[in-house]
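Data block below; observations after.
Since every read-out is calculated from the coordinates, none of them should be taken as a lab result. Only a predicted model underlies this, so the values are computations on that prediction, with no experimental measurement involved. Positions of Cβ are generated from backbone atoms using ideal geometry, with glycine treated the same way; all protein chains shown enter the neighbour counts.
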């Protein structure tokens, strides 16, 4: 592959064009943004995964609800089971895992980049449930 | 003129792509985290921000748009406003069109087309070679493992990051941090290698776009190309999803557009979808009065700024772009 150094003068020109051609987008965020029709407003989603199927004339329902703790505290987020029996978590949205154990390990490994920064945005959510 | 999307191995296209990414990441949009959080608070209650208040770049707004769409649930069963259902392919086509137009504007080139990464060609290589190709060098898109501190994309700064454990979007202090990748580090046989051209070929052979009951892994081209319906025996995820998993790091959480390789992956996904439509027709399902709301042919696709579109608006991309090759599998 050819050498591909970034030329700062090119980037500077592009930055200037971005401000000129795209402009200030703050006006798009001065009013509440609407959710499309059909969006769910449930904060957390249904914590129970329900799989329904028929077998030899029987109507079967498998409901799964995980209870997971990490260091004694509830594991955040909904762990769901899909139709194929693999498990899924919103925190790693492109993953499916053979087991909830694999899932928890992967989520904890992926979270090590947390900044632990002081929160200066909490006022936005005052009065709301966690 | 209509843009022609080319392989990232094309040096000129690659240089323009990297330059445009860095410029959009450096140029500030006028939007602050607190403004965005307040505007989205009611519509997307699952989306919560912690950390510092700061102005976001244009590139950050794409990250924000994606994680907001992912946090907007639609009709249960794991579906959201952009994933895990029929809307996945048209929503990401809409998303990439916005980035492509922004890149054309900053480059001053109305003919610029997004590059794609033909990852299945690399997936046909031995596993140990897949993360050591020229793509993953400073002259390409930067190193495959650890912090991206070499090459043009080392200038990208991550300012918004969804913590997978808490689900909170952290607004990082100071200048932000470099990108991080873990390409091919997972030694599990189901995650250790990229998808193959054989797997893409199976997805191309699916006769239906999607199927009732429109679950993430319903039997159709979309479910297989998104990666919930594995094309490879023994896999739990495949194709698009497996590319995210294989790279790991910033490609993991809902803020995955932080890494520009996100767009190289999705441009290739879009190319595969285009190849499927050339073979099977420009069809989409569910129709107007069927399937989950938010995923129908006339459902307005979630947009933070600019015009919204419905899936039927984007089934034919020829007004905007074409691909230099639809030889995908």
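Spatially, the range B:258-329 and the range B:54-97 are offset by 13 Å when compared through their Cα centroids.
In the range A:77-130, inverting the average of 1/r over every pair of distinct C-alpha atoms gives 13.3 Å as the Kirkwood radius. The eigenvalues of the Cα gyration tensor, multiplied by 5 and square-rooted, give the range B:158-227 an equivalent ellipsoid with semi-axes of 33, 19, 11 Å from largest to smallest.
Hull volume per residue, based on the alpha-carbon atoms of the range B:61-121 and their convex hull, is 104 Å³. Distances between every pair of Cα atoms in the range A:33-115, grouped in 10 Å steps from 0 to the bin holding the largest one, split as 14, 40, 30, 14, 2, 0 percent. Here the Debye sum runs over all C-alpha atoms of the range B:128-256 as equal scatterers in vacuum, and log10 of I(q)/I(0) at q = 0.09, 0.13, 0.17, 0.20 Å⁻¹ comes out as -0.32, -0.65, -0.97, -1.12. Across chain B, the relative contact order, built from alpha-carbon pairs under 8 Å that are at least six residues apart, equals 23 percent.
In chain B, the C-alpha radius of gyration followed by the widest Cα-Cα span (Dmax) gives 18.5, 51 angstrom.
Panel note: the C-alpha atoms of the protein assembly as shown, placed on their principal axes, show extents of 70, 53, 44 Å (largest first). Kirkwood Rh over Cα pairs of the range B:1-79 into Stokes-Einstein at 37 °C, 0.692 mPa s: D in µm²/s? My calculation gives 219 µm²/s for D. From the gyration tensor of the Cα coordinates in the range B:1-143, what semi-axes in whole Å does the equivalent ellipsoid have, largest first, with each one equal to sqrt(5λ)? Working from the Cα gyration tensor, I get semi-axes of 29, 21, 16 Å. Only helices enter this figure: runs of n ≥ 4 DSSP H residues, each worth -39500 (n - 2.57), summed and divided by the residues of chain B, yield -10000 deg cm²/dmol at 222 nm to the nearest 500. Rounded to the nearest 500, the helix-only mean residue ellipticity at 222 nm of chain A stands at -5000 deg cm²/dmol, with each DSSP H run of n ≥ 4 adding -39,500 (n - 2.57). A Cα-only calculation for the range B:97-165 places Rg and Dmax at 15.2, 42 Å. Calculated on the alpha-carbon coordinates, the convex hull of the range B:258-329 measures out at 134 cubic angstrom per residue. Residue exposure proxy: A:39, B:171, A:114, A:99, ordered by other Cβ atoms within 10 angstrom of their Cβ from fewest to most, comes out as A:99, A:114, A:39, B:171.
Sort B:192-201, B:155-164, B:3-12, A:49-58 for me by packing, meaning the mean count of neighbouring Cβ atoms within 10 Å per residue, highest on top.
Top to bottom by mean Cβ count within 10 Å: B:155-164, B:192-201, B:3-12, A:49-58.
Seen against the Cα atoms of chain A and their longest principal axis, helix A:8-17 is set at about 80 degrees. Taking label points 7 Å from Cα along the Cα-to-Cβ direction, residue B:42 and residue A:101 give a separation of 4.7 nm.
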